[in-house]
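A quick write-up on the structure given underneath.
The values are calculated or read from the model by the stated rules, or taken from the named source; none is laboratory data. Owing to the predicted nature of the structure, the values given are computational and were not obtained by experimental measurement. Positions of Cβ are backbone-derived with ideal geometry, glycine not excepted, and every protein chain shown enters the neighbour counts.
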């Protein structure tokens, strides 16, 4: 069986595109401490196309959920309130869209090139909330 040259070229292009996308997707795993609030900590564990998120404040777990990174909806609770969450990568940004009873928000999580800083930009999707930007630093062992 002979495969023509155009098939090989298409295969090479698809492989190169997939490799480029994988190389752009950062690993958000780690324990992240807020630069502005010493009582705020996030623990993120990214593996097998999912991310497990634990958000802690003053030693209490505020949120604990696992979501697929394909944009599928998952259910979570934050501060005792039910939420619907979708997570996916858009280039190097991890996007989280969260639907709550008091409105929806979008978060962009961006890891710095050196892997030491996580910037979380929150944008409200309703007028009752405000935008904010929080920086976290990776806790080292």
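Evaluation of residue 131 against the conditions (1) free of Cβ contacts under 8 Å to residues at least 12 places away in the same chain; (2) in contact with a helix residue (DSSP H, G or I) (Cβ under 6 Å, 6 or more places away or on another chain) shows that the sole unmet condition is (2).
Could you check how many residues of region 69-85 are part of a loop (DSSP other than H, G, I, E, B), at pLDDT 90 or above and surrounded by fewer than 15 Cβ atoms within 10 Å (Cβ to Cβ)?
Residues meeting the conditions: 3.
The residue that is modelled with the highest pLDDT, counting only those in region 1-60 that are surrounded by fewer than 10 Cβ atoms within 10 Å (Cβ to Cβ) and closer than 21 Å to residue 77 by Cβ, is 60. Mind listing just one residue for me: the one in region 89-101 that is within 18 Å of residue 73 (Cα to Cα) and out of contact with any strand residue (DSSP E or B) (no Cβ under 6 Å at 6 or more places or on another chain) and, of those, modelled with the lowest pLDDT? Ranking the candidates gives 101 first.
Just checking, does region 87-95 include any residue being more than 11 Å from the chain's Cα centre (by Cα) and outside any loop (DSSP other than H, G, I, E, B)? Looking for residues that are more than 11 Å from the chain's Cα centre (by Cα) and outside any loop (DSSP other than H, G, I, E, B), one finds none in region 87-95, hence no. So, of the residues in region 111-141 that are assigned to a loop (DSSP other than H, G, I, E, B) and either surrounded by 11 or more Cβ atoms within 10 Å (Cβ to Cβ) or at positive phi (or both), which turns out to be modelled with the lowest pLDDT? Going through the qualifying residues, I end up with 129.
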